[in-house]
Amino acid sequence: MRKNQIKTFLLFLIGISISYAQQPLKPSSVEIYNQIKKLNFLGSVLYVAAHPDDENTRLISYLANEMNARTGYLSLTRGDGGQNLIGPQLRELLGVIRTQELIEARKIDGGEQFFSRANDFGFSKTPNETLQIWDKDKVLADVVWTIRKFQPDVIINRFDHRSPGTTHGHHTSSAMLSIESFNLTNDPKIYPEQLKYVTPWQVKRQFFNPSWWFYGSQEKFDAANKSKFTKLETGVYYTGIGKSNQEIAALSRSRHQSQGFGSTGVRGLETEFLELINGDKPNDRDNLFDGIDTSWNRVKNGKPIGDLINKIIEKYNFNDPSASIPDLAKAYAMIEALQDDHWKNLKSEAVRNIIASCSGLYLEAVASEQEATPGSTIKLSLEAINRTSIEMQLASVITLPDNKKTPQNIVLKNNDDQKISLQVQLPANIEYTQPYWLKEKAAVGMYTVLNQENIGIPDIIREVKVVFNVKINTIEIPFERTVVYKYNDGVKGEMYNFLDIVPEVTTSVLEKVLIFRDIKSKMVPVKVRAGKDAVEGNLQLEVPKNWLVSPKQIAFSLAKKGNDQIFYFEVTPPVNPEETVLRAVATVDNKRFDKDETVIDFSHITKQMVLKPAESKAIRIDLKTSGDAIAYIMGAGDEVPESLAQMGYKVTILKPEEITPEKLDSFNVVITGIRAYNTVNALANKQNILFNFVKSGKNMIVQYNTFGKTVTNQLAPYPLKISNDRVTEENAKVTFLAPNHPVLNTPNKITSKDFEGWTQEQGLYYPNEYDSAFTPIISSHDKGESAKNGALLVAPYGKGYYIYTGLSFFRELPEGVVGAYRLLSNMISLKQPIEAPKQEIKQ
């Protein structure tokens, strides 16, 4: 009975109560007990899949918390190629968001997170296509590296390696690479360069984690023969927290907010099945670790440690966890004496955390400002307090990265808060704070990570830390803390961010794509931001010789850190169509600064800073447009309105509640943002108004929505059904089905050249059933597939046009794809004098 009463989760409670990952951990007595129990389990499981949100959080939570196994999730990608429901960030910025969402999810379900260098380039239909775009050898090396580093006893694949072409190509590839790695990880001839840091490792057994999805329906899965599968009863109820394992898993999965995976927890019996793919068959079929020693006996000289921890568990005092500290300190010293570095390092860190929790030992290093520049001096406020009667002494502190040791010799008396002030000189060559995988130029399918030891690390690598060396009964124990910045918000209270290392100056061309329709010059705004006080220098906008810029440079002076100023350069394009890159460069004390700082700040993840080249794509384009006023109704979030403004249109963002006949009267075109009919519930009651707008002689352009749940079944004034059809090959040949239609001819003559240079995909979620009133305009398909004709559908309705498109304008316009601008201009410009066909959905 005691076991059920005290079962709980430290990381789960932290995850649901704290929005900011930097907040210090403050576990309860029951949570501490569970962590001590976990000290005595020396078994590991690695779950493998392709993307954030692929992982089975129910199984990860069960393994980590019910079985007490060290549980990791290897996501081969960071989800860079997906869609974003919470903002306009795409590609690498979306990957940063989804990385943090995974990290937050693991805090809830108790797992650990890992990645490979594979870049999520978008939807792939087959593993052959995936592994052609990824560097297969490098991704396989990363899988081997993760296994050698993590040393799992068991691997579980989310996807089936035997079913290529039935799911996302990334999915099947993740399973295929995992299977291939099984017999490679213990061979020292395979990727021998890794053995400088890790040792060969042999996984005991490998499973596939099937579910109803792989069988087509729950009914088929229930009827399938599962007699040879390993069966785990994961529907556990934890009385210590009053939640089921499934409820915890739902909270974890709900961290994937950018993908819209909010989940409702369920209760009751639930079974997970595992099919053995590789390795030894367990004698006890339903015991994942059968035949694997998960006790301290697996480590040389480990048995006395296990005996001592059993004693600590047996004598644990829920009213006074500090009573365990003397024995925990002994256990720490014994673990530190082990020769097995793998378990020594893992369990030493775990014991340190438990000792801090048992004593209420609060250790924190806070910077006086949130940002600092390389070579600068930062002020730190250190806090150390022991909230027990156990005798402790703060012997010294060590600041990193300068590795400076400062003796303290302060007795930490019970509840006596000690405050220490320090100044730290940052090295001139300290790295800027940014996702390490974005530092070097990436290939289409792979990120570049030059340091082998960094591969797989989930988060930003932060160098500024403080080590508190605390003596307990003559045993000195180091407690490492990353430096943070905190402040009080009048509404939210105490708020945390990490200390960020930033350039002295960052620059930004405010418009990331500049469209020049003729040879007239444009005033281009460039922002300069100070990373330190009293910074001055010169700003330039670098352009090719055949582009003109005036003035050549502008002097700037910014008095305070964080100040910014916008300057304007007049840019004149060449006569002929051309694409180029403009780069904003600041020179300070003969040093060049050309990084653009992007801050990603959502409440459910840690604030992130991304540094990218301060560039803008400038295009001298053959583009004709009309002067139509456009009302844009945002959906999940995109940057199309900014692109429309660059084309010369007057764009107004229209809120759903503003959709009235009177409000629409001043516009000629309405455009709905991506997934608007998946995410904006109010649109269900606005369709009559919008259809009447079209009937009166105006145009309505609806961008892609996903198939399945939409807020209304009447997306169009005529029957139209969205499917999962898509063309993922961005340069797939395009055939014009209606070559004489005005959408391909006026005011711009659209040719096959306009579909060259598209990025990631041509389009997605095309309708495959639609009324005869619609004219399909183009057709294309991926290799080996049938033609997909639903990319662009145009239907006259009354005096206007209703247009539905799955073409990925939301990706192409921000990337400056010329053909996308020209085609969209034609869609906006459509005019027709003929009444539409009579058939229509009754309103």
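Results, tabulated for the structure shown:
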item: Residue under evaluation Asn40, criteria (1) modelled with pLDDT of 55 or more; (2) in contact with a strand residue (DSSP E or B) (Cβ under 8 Å, 6 or more places away or on another chain), criterion not met; result: (2)
item: Conditions (1) touching a Leu at 6+ places or on another chain (Cβ under 7 Å); (2) within 28 Å of Asp137 (Cα to Cα); (3) of a type in the set (S, T, N, Q): number failed by Thr185; result: (1)
item: Where a residue in the range 572-594 is closer than 15 Å to Lys527 by Cα and its partner, wherever it lies, is surrounded by fewer than 17 Cβ atoms within 10 Å (Cβ to Cβ) and of a type in the set (Asp, Glu), with Cβ under 6 Å and at least six apart; result: Arg583/Glu542; Val585/Glu542
item: Any hit, the range 447-459, residues being surrounded by fewer than 15 Cβ atoms within 10 Å (Cβ to Cβ), in contact (Cβ under 8 Å) with a residue 40 or more places away in the chain and under 28 Å from Val198 (Cβ atoms); result: yes
item: Unmet criterion (only one of (1) at pLDDT below 95; (2) assigned to a loop (DSSP other than H, G, I, E, B)) for Asn740; result: (1)
item: Matching entry among Thr185, Thr199 (being part of a loop (DSSP other than H, G, I, E, B), under 19 Å from Phe115 (Cα atoms) and either at pLDDT 95 or above or outside the structural domain of Tyr73 (by TED's automatic domain parsing) (or both)); result: Thr185
item: Residue in the range 303-311 that is on the phi < 0 side of the Ramachandran plot and among the polar types (S, T, N, Q) present; result: yes
item: Some residue of the range 745-758 being of a type in the set (Asp, Glu), outside any loop (DSSP other than H, G, I, E, B) and surrounded by fewer than 16 Cβ atoms within 10 Å (Cβ to Cβ); result: no
item: All positions within the range 380-390 that are over 40 Å from the mean Cα position of the chain (by Cα) and surrounded by fewer than 16 Cβ atoms within 10 Å (Cβ to Cβ); result: Ser389
item: Wholly enclosed strands (runs of 3 or more DSSP E) of the range 470-537 bearing at least 2 residues surrounded by fewer than 18 Cβ atoms within 10 Å (Cβ to Cβ) and among the β-branched types (Val, Ile, Thr); result: 475-482
item: Every residue from the range 448-495 that is aromatic (Phe, Trp, Tyr) and under 27 Å from Ser603 (Cα atoms); result: Tyr485, Tyr487
item: Residue selected from the range 447-469 under the condition among the aliphatic types (A, V, I, L, M) and in a strand (DSSP E or B), by the criterion nearest to Ile325 (Cα to Cα); result: Val467
item: Which numbered condition Val670 fails, given (1) under 23 Å from Asn768 (Cβ atoms); (2) touching a Leu at 6+ places or on another chain (Cβ under 9 Å); result: (1)
item: Test: residue in the range 823-834 that is surrounded by 16 or more Cβ atoms within 10 Å (Cβ to Cβ) and in a loop (DSSP other than H, G, I, E, B); result: yes
item: Selected residue (criterion: farthest from Glu597 (Cα to Cα)) from residues of the range 547-563 that are free of Cβ contacts under 8 Å to residues at least 60 places away in the same chain and among the hydrophobic types (A, V, I, L, M, F, W, C); result: Leu548
item: Selection status of Leu46, modelled with pLDDT of 70 or more and within 14 Å of Arg106 (Cα to Cα); result: yes
item: Selected residue [over 21 Å from Arg387 (Cα atoms) and either at pLDDT below 95 or outside the structural domain of Gln393 (by TED's automatic domain parsing) (or both)] from Asn310, Asn319, Asn353; result: Asn310
item: Hey, Ala684 in contact with a Phe, Trp or Tyr (Cβ under 9 Å, 6 or more places away or on another chain), surrounded by fewer than 19 Cβ atoms within 10 Å (Cβ to Cβ), part of a helix (DSSP H, G or I) and without any contact (Cβ under 8 Å) to a residue 40 or more places away in the chain or not; result: yes
item: Any chance Asn283 is under 18 Å from Asp153 (Cβ atoms) and modelled with pLDDT under 95; result: yes
item: Residue in the range 411-427 that is out of contact with any Ser or Thr (no Cβ under 7 Å at 6 or more places or on another chain), of a type in the set (Lys, Arg), free of Cβ contacts under 8 Å to residues at least 60 places away in the same chain and over 23 Å from Asp500 (Cβ atoms) present; result: yes
item: Matching option when the condition is under 14 Å from Ile36 (Cβ atoms), surrounded by 15 or more Cβ atoms within 10 Å (Cβ to Cβ) and in contact with a helix residue (DSSP H, G or I) (Cβ under 6 Å, 6 or more places away or on another chain), among Ser357, Ser348; result: Ser357
item: Condition check for Ser75: at pLDDT 95 or above, more than 23 Å from the chain's Cα centre (by Cα) and not charged (D, E, K, R); result: no
item: Any chance Asp142 is closer than 19 Å to Tyr447 by Cβ, crowded, with 19+ Cβ neighbours inside 10 Å and charged (D, E, K, R); result: yes
item: Criterion: modelled with pLDDT of 95 or more, within 17 Å of Tyr704 (Cα to Cα) and not β-branched (Val, Ile, Thr) - qualifying residue of Tyr797, Tyr766; result: Tyr766
item: In the range 649-671, the residues that are touching a residue at least 40 places away in the same chain (Cβ under 8 Å) and either under 26 Å from Thr706 (Cα atoms) or assigned to a helix (DSSP H, G or I) (or both); result: Val669, Val670, Ile671
item: Some residue of the range 515-529 being at pLDDT 95 or above, among the aliphatic types (A, V, I, L, M) and within 30 Å of the chain's Cα centre (by Cα); result: yes
item: Conditions (1) surrounded by 18 or more Cβ atoms within 10 Å (Cβ to Cβ); (2) within 37 Å of the chain's Cα centre (by Cα); (3) among the polar types (S, T, N, Q): number failed by Asn287; result: (1)
item: Check on Leu90, under 19 Å from the mean Cα position of the chain (by Cα), modelled with pLDDT under 95 and outside the structural domain of Glu494 (by TED's automatic domain parsing); result: yes
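Yes/no per residue for (1) in contact (Cβ under 8 Å) with a residue 24 or more places away in the chain; (2) among the acidic types (Asp, Glu); (3) closer than 29 Å to Arg285 by Cβ:
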{"site": "Asp137", "(1), (2), (3)": "no, yes, no"}
{"site": "Arg158", "(1), (2), (3)": "yes, no, yes"}
{"site": "Thr166", "(1), (2), (3)": "no, no, yes"}
{"site": "Ser178", "(1), (2), (3)": "yes, no, yes"}
{"site": "Lys196", "(1), (2), (3)": "yes, no, no"}
{"site": "Thr199", "(1), (2), (3)": "yes, no, no"}
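The values are calculated or read from the model by the stated rules, or taken from the named source; none is laboratory data. For clarity, every value in this text was computed on a predicted model and none was experimentally measured. Positions of Cβ are generated from backbone atoms using ideal geometry, with glycine treated the same way; all protein chains shown enter the neighbour counts.
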